[in-house]
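Single-structure report; data block below.
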Amino acid sequence: MMNELAIDRSTLLELYRAMVRARYFEERAYDLFMEGLVKGTTHLGLGQEAVAAGFALAMDEADMTFCTYRGHNHTLLRGASMTGLLGELAGKANGICGAKGGSMHLTDIANRAMGSYAIVGAHLPIAAGAAWASQVRSDGQVSVCFFGDGTTNIGAFHEALNLAAVWDLPVVFVCENNLYMEYTAISDVIAVEHPAADRASAYGLEPLIVDGNDVVAVYEMASDVIERARRGDGPSLVEAKTYRHKGHSRADPGKYRPDDEVAEWLKRDPISSFRSRLEADGIDISHLTSIENEARSEIDEATSAVREADPPDPETLMTDVWADGSSTWRN
Amino acid sequence: MMNELAIDRSTLLELYRAMVRARYFEERAYDLFMEGLVKGTTHLGLGQEAVAAGFALAMDEADMTFCTYRGHNHTLLRGASMTGLLGELAGKANGICGAKGGSMHLTDIANRAMGSYAIVGAHLPIAAGAAWASQVRSDGQVSVCFFGDGTTNIGAFHEALNLAAVWDLPVVFVCENNLYMEYTAISDVIAVEHPAADRASAYGLEPLIVDGNDVVAVYEMASDVIERARRGDGPSLVEAKTYRHKGHSRADPGKYRPDDEVAEWLKRDPISSFRSRLEADGIDISHLTSIENEARSEIDEATSAVREADPPDPETLMTDVWADGSSTWRN
Amino acid sequence: MAELTYRAAVARGISQEMERDDRVVLIGEDVAAAGGVFKTTEGLLEQFGPVRVRDTPISEEAITGALMGAAMNGLRPIGELMFSDFLATCWDIVANQIAKTRYMTGGQVELPLVIRTANGGGTRFGGQHSQSLENWAMTVPGLKVVAPSNARDVVGLLAAAVRDPDPVVFFEHKKLFAEKGEVEDGEIVERLGEARILRKGDDVTIVALAAMVPVASRAAEALAGQGTSAEVIDLRSLVPLDTKTLLQSVAKTGRLVTVEENPRLCGWGAEISSIVAEEALWDLDAPIVRVTTPHIPLPAAAELEDLAIPSPERVVEAVLGIQ
Amino acid sequence: MAELTYRAAVARGISQEMERDDRVVLIGEDVAAAGGVFKTTEGLLEQFGPVRVRDTPISEEAITGALMGAAMNGLRPIGELMFSDFLATCWDIVANQIAKTRYMTGGQVELPLVIRTANGGGTRFGGQHSQSLENWAMTVPGLKVVAPSNARDVVGLLAAAVRDPDPVVFFEHKKLFAEKGEVEDGEIVERLGEARILRKGDDVTIVALAAMVPVASRAAEALAGQGTSAEVIDLRSLVPLDTKTLLQSVAKTGRLVTVEENPRLCGWGAEISSIVAEEALWDLDAPIVRVTTPHIPLPAAAELEDLAIPSPERVVEAVLGIQ
Ligand SMILES: Cc1ncc(C[n+]2csc(CCOP(=O)(O)OP(=O)(O)O)c2C)c(N)n1
Ligand SMILES: Cc1ncc(C[n+]2csc(CCOP(=O)(O)OP(=O)(O)O)c2C)c(N)n1
Ligand SMILES: [Mg+2]
Ligand SMILES: [Mg+2]
């Protein structure tokens, strides 16, 4: 059925590569958390890779990504290095934020990964603001902002969506609806069926829903709404239906989710299902295995680089509060 | 046409009395602000009396009112004394809050006027909370929360509406859409036509719009949604279309509003139009004039009481931070 | 007499008060079915049912607003903010509405409510999930501010907070959740505004709060070994503030060191220092030293975070510096 | 050389910077067509057009969030929060996001933005529209905090704030809007972190900020008449803090009185007192006295509000109390 798609094979393979890299990266992050090399916390997007991959590949280099603490995938797929990301998770000197941000604050400005935000909702108005700057310059740059289903109930969501709509900002809001907040189902805390799509009309926006486990569907939706924003036709709110394979964070076993529900969604794993589609589409398996092997060695190299890396220089504790590099508040 | 109404004459007269009392009270408040007796600020609801009157008369004694800085009418019509209210505006010892709250914080707990809130949006979740307590006790009490069109764009609006809907709380949210925020039109800052009604579906609520200058229509809508909440059928969001005759506050001449728009709405003054309807309905004018005379002497008496009243006792500066009456933070 | 974790003491304290008073209810994110993300509310849903223990949406303004409205209308609600950092997302409700309403209404409104929240660093969570924000609450007239340092105080001070007729912000320290302490059986109720002298001493007064209390105690141990006798005071609550105990101790020792987890500027220790500098200057034999987290956000890396937060070593150094 | 009101100086300062740098833009509620509810942005829409001067919905989180995002993406935005009390409605964006992002990203993110806001009491608006909240901002690492006391400083410090590469919270005092001052023509740019000695003196150092500066000056006048020579320092910014000027003055006078409009607990004066008590204790010939608004919300009534906010009389009394 692939040939129905207006997507060339190289893009299909890049979509596959993106998901595989994200998957391998986070599986490793989980193992290293259990091992104790990664400290603090991690929030994995395992199972949600199609959303990150589909959007990342639909974006131009200059476009900006804003995501949450569950942002490993998004940051990686904008171009951040596995070593820098894993180093940040492990609190090593080679961390992408110098180990000062940690798992919840992965940021790679050079690659337009504009930050992972750890307080629910805050980055929606921030993404709108970045889009406002693009609009002022009319430079055709688009901001894409990822957040979860539970985020649709916080005030900042409402304020950001309204401002973006009223100002016609070039921003795409992407709700990754994985059915749960931390340990509570989204359906327990909303009075509508679709946490994002059913709110779109409050801002004069179309309700847009996509199968978040179908990377091709996501890629097509992403290309469409990003193009719309780039044209100056304003913001979009997309709800991607997906599921996280693991718990909310750290070692959470996710026991609050019914077994059959989990099993059902594991069957719909975005990577294995896409792999079968590619095979069915006649893509030579060797392409796929080499992508897998490359990703495997990439994460292995990153892992050993991080194992060998030093902890951050104590001097850095007092740097970079201010633009002059210092933290001085007095003379 | 009144006889179509399922409303008895005494209620019609009480609706008229309520609007007239509110009108006279605020006209006097304006004069006294200009005179300098009332200091600080005032936000008048002149022109919006039908909303306050229609809802106040539809409420039971135990029901609770939450309103804004534009809350003179709402507080008065729940039973607060003109003297206490005017005294508060004038910063006199006989003020209903001991002159500590001022115009923007009129509160009369004894009459279930649960406060005037001066920071946009804050009182929506608070009203929801009061309704939650009623629900826990299932005592049939209903909370009614008044706010403006501009308030529909702040985060607290979104959080409160969602919580009220999800928890099925006995609360009625009433948006008094007077077309303007302070000096900016609501139409400039929303992407929908009706700031409240077009947001209702985001919370699984019905869009409800009423002519806020038609006191009978308001009374009927109010009776309906309050009864619904009392039955346990959950919250409502009502948008009342109305207009403020004066500026936003203090001496604001409201020059940002087109003259013909102002003229148009002045023609639709809720009080004079209702008066004509009552006359047309054959109500003896003497009833109406005696209501007017009573209201006139009520505000005159309140005015002289306030003129003669003392300023607050300096001792009260340091009282009532804590329940023990003190403001002590140390031993 | 049982050994309880600080974490379990939270549930014990809430349970004690909910059993005693039907008007006490609990809301927050994941507090019911999940028993709280820090497992501080485990078993409460089972014990008291879904009407009195209720999960909320991720809506901190709605949570705190609901507490206020419910308190105005006859309940004595307890609300959980998962992390104290999230106080910022509902600060208007807490600082402008809850704190000021009694005063602004001339005493008409009573707000017996408690906001419980997980506070403090040392958990490698990074700058947005590690702040020590007792001083934010302390800046706001109308809020009582409590921060227990041990399991028994968690029960007793939480009970006092729930029974208090005024709004209380109750800071539970994340770093202490796993700490065990002896907690006797039966009802425990403390009084707000009473500091505790944990260790008597003559040479210097060390004042601490929450997770800085064990740090101060370890420092005092070390100092004792070096012949310096330190008096350690656990403030327990910042509002009301037990200035009597503080001033008496300084009058005796002539030296004062505060140990604050908050970043330096306008921390609670600044207020305490200014009180002593105004009321007990002539009692001082040495400068007042404040040991605080530097004025920086908290870093995520273990090595950096441990450098940032006051350690026993830094406290010892500070004390020896003014001997 | 022109006489300008403090109010007009705000527009002058913004205009100076918008003319100089295309990246400077202004947003806020009623700032464009209406020229600001305090008339501090009058004429700017006409001068710079609707792309650079824009009205917003009543959405403080969106306003401050937009400032941050725009600053990350090449603009140098100025945002107005109508009253400083509304900082509480967007405190997460200001204190958790804007302030911490540069540090948490290891210095990757630059945020050259200014949050302007009308601060302070004396206007009979009541407890939710009268707060002096410089100390809230001072508690947060990563925020610069500026509060001018006169028209010329409004222009010069606002220019410095706009050109500063870090986020600045700029407090404009409502009570001063109508005050006139001499402001020379041409570009005016001050430097942040430099206090100004308004009056030289030998007997006591009086430190003040914003609307408390004229109060301190009037007190110094009165004291001069009674033979006490007071040195008056206008801090102008709390972060960066000019501790040099402060400590030099205290070394000379041996006495320190802070005059703070904020409620007492954890006010900026507490920090200053603690710095002096730690670094200059032996310079002191008398206790450090803090004259502040009591730890209460501000009342609306004129008679009460005037009692609450520090007056020249209270400052004189405080100084004479330590002579
Ligand atoms: C304002 C705020 N409240 C609460 C939290 C704690 N918290 C972190 S993640 C989370 C669940 C978010 O759910 P959702 O938006 O669906 O995103 P997901 O984790 O499923 O990707 C919560 C409640 C927070 N970080 N910020
Ligand atoms: C959070 C917040 N932002 C801004 C203000 C300043 N303000 C007071 S009233 C007002 C306009 C409110 O408009 P609307 O909600 O339509 O109510 P109306 O005044 O028309 O009754 C504004 C912006 C405020 N009080 N609170
Ligand atoms: Mg989710
Ligand atoms: Mg309006």
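Across segment B:223-255, which residue is surrounded by the fewest Cβ atoms within 10 Å (Cβ to Cβ) among those that are of a type in the set (Lys, Arg) and under 22 Å from B:Met64 (Cα atoms)?
B:Arg231
Every residue, every condition in (1) under 22 Å from A:Ile126 (Cα atoms); (2) of a type in the set (Gly, Ala, Ser), yes or no:
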| position | (1), (2) |
| --- | --- |
| D:Val114 | yes, no |
| D:Asn119 | no, no |
| D:Thr123 | no, no |
| D:His129 | no, no |
| D:Glu134 | no, no |
| D:Ala137 | yes, yes |
| D:Val140 | yes, no |
| D:Val146 | no, no |
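Quick check on C:Asn96: is it within 14 Å of chain B (Cβ to nearest Cβ), within 16 Å of ligand 2 (Cβ to nearest atom) and within 30 Å of B:Gly95 (Cα to Cα)?
yes
Given the residues B:Ala309, B:Ala323, B:Ala295, which is the only one that is at the interface with chain C (Cβ under 9 Å from one of its Cβ atoms), surrounded by 13 or more Cβ atoms within 10 Å (Cβ to Cβ) and among the small types (Gly, Ala, Ser)?
Unique residue meeting the criteria: B:Ala323.
Among the residues of segment D:245-255, are any β-branched (Val, Ile, Thr) and within 11 Å of chain C (Cβ to nearest Cβ)?
no
Taking C:Leu223 and the conditions (1) within 14 Å of chain A (Cβ to nearest Cβ); (2) surrounded by 18 or more Cβ atoms within 10 Å (Cβ to Cβ); (3) more than 30 Å from A:Leu106 (Cα to Cα), which numbered condition does it fall short on, given that it satisfies the others?
Every listed condition holds for C:Leu223 apart from (1).
Would you confirm, using the coordinates I've provided, whether D:Thr123 is over 28 Å from A:Ala156 (Cα atoms), within 14 Å of chain B (Cβ to nearest Cβ) and of a type in the set (Ser, Thr, Tyr)?
yes
Of all residues in segment B:125-182, which are in contact with an Asp or Glu (Cβ under 9 Å, 6 or more places away or on another chain), away from chain A (no Cβ under 14 Å), under 14 Å from B:Pro235 (Cα atoms) and within 14 Å of ligand 2 (Cβ to nearest atom)?
B:Phe146, B:Val174, listed by residue number.
Tell me, yes or no, whether segment B:126-142 has at least one residue that is under 17 Å from the mean Cα position of the chain (by Cα), buried (at least 24 other Cβ atoms within 10 Å of the Cβ) and of a type outside the set (A, V, I, L, M).
No, segment B:126-142 has no match at all.
If I go through segment B:256-265 residue by residue, how many of them are assigned to a loop (DSSP other than H, G, I, E, B), surrounded by 11 or more Cβ atoms within 10 Å (Cβ to Cβ) and away from ligand 2 (no atom under 16 Å from the Cβ)?
Qualifying residue count for the region: 0.
Please state which one of C:Pro287, C:Pro294, C:Pro312 is in contact with a Lys or Arg (Cβ under 7 Å, 6 or more places away or on another chain) and over 26 Å from D:Val94 (Cα atoms).
Being in contact with a Lys or Arg (Cβ under 7 Å, 6 or more places away or on another chain) and over 26 Å from D:Val94 (Cα atoms) holds for just one of C:Pro287, C:Pro294, C:Pro312, which is C:Pro312.
Looking at the structure I just gave you, is B:Ile96 in contact (Cβ under 8 Å) with a residue 12 or more places away in the chain, within 30 Å of B:Leu37 (Cα to Cα), under 21 Å from the mean Cα position of the chain (by Cα) and in a loop (DSSP other than H, G, I, E, B)?
Yes, satisfied.
If you check C:Ala308, C:Ala286, C:Ala318, which single one turns out to be facing another protein chain (nearest Cβ under 9 Å), of a type in the set (A, V, I, L, M) and either touching an Asp or Glu at 6+ places or on another chain (Cβ under 9 Å) or more than 30 Å from A:Gly84 (Cα to Cα) (or both)?
Criteria check complete, one pass: C:Ala286.
Got a number for residues in segment A:227-251 being more than 20 Å from A:Val20 (Cα to Cα) and either hydrophobic (A, V, I, L, M, F, W, C) or away from ligand 3 (no atom under 13 Å from the Cβ) (or both)?
Final tally of qualifying residues: 14.
Just the residues that are buried (at least 24 other Cβ atoms within 10 Å of the Cβ) and either among the acidic types (Asp, Glu) or more than 7 Å from chain C (Cβ to nearest Cβ) (or both), please, taken from segment B:99-114.
Of everything in segment B:99-114, those that are buried (at least 24 other Cβ atoms within 10 Å of the Cβ) and either among the acidic types (Asp, Glu) or more than 7 Å from chain C (Cβ to nearest Cβ) (or both) turn out to be B:Ala99, B:Gly102, B:Ser103, B:Met104, B:Leu106, B:Asp108, B:Ala113.
Only one of (1) within 16 Å of ligand 3 (Cβ to nearest atom); (2) under 21 Å from B:Leu44 (Cβ atoms) is not met by B:Asn162, so which one is it?
Only one criterion in (1) within 16 Å of ligand 3 (Cβ to nearest atom); (2) under 21 Å from B:Leu44 (Cβ atoms) is unmet by B:Asn162, namely (2).
Taking the conditions exactly as written (more than 10 Å from chain D (Cβ to nearest Cβ), part of a loop (DSSP other than H, G, I, E, B), on the phi > 0 side of the Ramachandran plot and of a type outside the set (A, V, I, L, M)), does A:Gly79 satisfy them or not?
yes
Pairs only if they're at least six apart or on different chains, beta carbon under 7 angstrom, first in segment B:245-260 and over 22 Å from B:Leu32 (Cα atoms), second assigned to a loop (DSSP other than H, G, I, E, B) and hydrophobic (A, V, I, L, M, F, W, C); list them, first residue then second.
Taking only residues 6 or more apart or on different chains, the pairs are B:Tyr256/D:Ala33; B:Tyr256/D:Ala34.
Within 14 Å of chain A (Cβ to nearest Cβ) and at pLDDT 95 or above: does that describe B:Leu85?
Here the answer is no, as B:Leu85 does not meet what is asked.
Yes or no, residue by residue, for (1) within 12 Å of ligand 1 (Cβ to nearest atom); (2) without any contact (Cβ under 8 Å) to a residue 40 or more places away in the chain:
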{"position": "A:Val142", "(1), (2)": "no, no"}
{"position": "A:Gly155", "(1), (2)": "yes, yes"}
{"position": "A:Ala164", "(1), (2)": "no, no"}
{"position": "A:Asn177", "(1), (2)": "yes, no"}
{"position": "A:Tyr180", "(1), (2)": "yes, no"}
{"position": "A:Ile186", "(1), (2)": "yes, yes"}
{"position": "A:Val189", "(1), (2)": "yes, yes"}
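Of the conditions (1) within 15 Å of ligand 1 (Cβ to nearest atom); (2) in contact (Cβ under 8 Å) with a residue 60 or more places away in the chain, A:Thr75 satisfies every one except a single condition; which number is it?
(2)
Within 14 Å of the chain's Cα centre (by Cα) and more than 16 Å from ligand 1 (Cβ to nearest atom) - does that describe any residue in segment A:26-43?
No; the residues of segment A:26-43 include none that is within 14 Å of the chain's Cα centre (by Cα) and more than 16 Å from ligand 1 (Cβ to nearest atom).
Just checking, does segment A:56-63 include any residue being buried (at least 24 other Cβ atoms within 10 Å of the Cβ) and within 14 Å of chain C (Cβ to nearest Cβ)?
No: zero hits.
Within segment A:275-293, can you find the residues that are in a helix (DSSP H, G or I) and in contact (Cβ under 8 Å) with a residue 12 or more places away in the chain?
Within segment A:275-293, A:Arg275, A:Arg277, A:Leu278, A:Ala280, A:His287, A:Leu288, A:Ile291, A:Glu292 qualify.
Being away from chain A (no Cβ under 13 Å) and in contact with a helix residue (DSSP H, G or I) (Cβ under 8 Å, 6 or more places away or on another chain) is true for just one of D:Phe48, D:Phe38. Which residue is that?
D:Phe38
As an exercise: evaluate B:Glu206 against (1) of a type in the set (Asp, Glu); (2) more than 16 Å from ligand 1 (Cβ to nearest atom); (3) over 21 Å from A:Glu206 (Cα atoms) and give the number of the one condition it does not meet.
Going through (1) of a type in the set (Asp, Glu); (2) more than 16 Å from ligand 1 (Cβ to nearest atom); (3) over 21 Å from A:Glu206 (Cα atoms) one by one, B:Glu206 breaks only (3).
Please go through segment A:301-315 and pick out each residue that is outside any loop (DSSP other than H, G, I, E, B) and within 28 Å of the chain's Cα centre (by Cα).
Answer for segment A:301-315, where residues must be outside any loop (DSSP other than H, G, I, E, B) and within 28 Å of the chain's Cα centre (by Cα): A:Glu301, A:Ala302, A:Thr303, A:Ser304, A:Ala305, A:Val306, A:Arg307, A:Glu308.
Do we find a residue being over 26 Å from C:Thr293 (Cβ atoms) and either facing another protein chain (nearest Cβ under 10 Å) or small (Gly, Ala, Ser) (or both) anywhere in segment C:112-120?
yes
The values are calculated or read from the model by the stated rules, or taken from the named source; none is laboratory data. What you see is a predicted model; the values in this text were computed from it and never measured. When we count neighbours, we look across all protein chains shown, and the Cβ atoms used for this are built from the backbone with ideal geometry, even at glycine.
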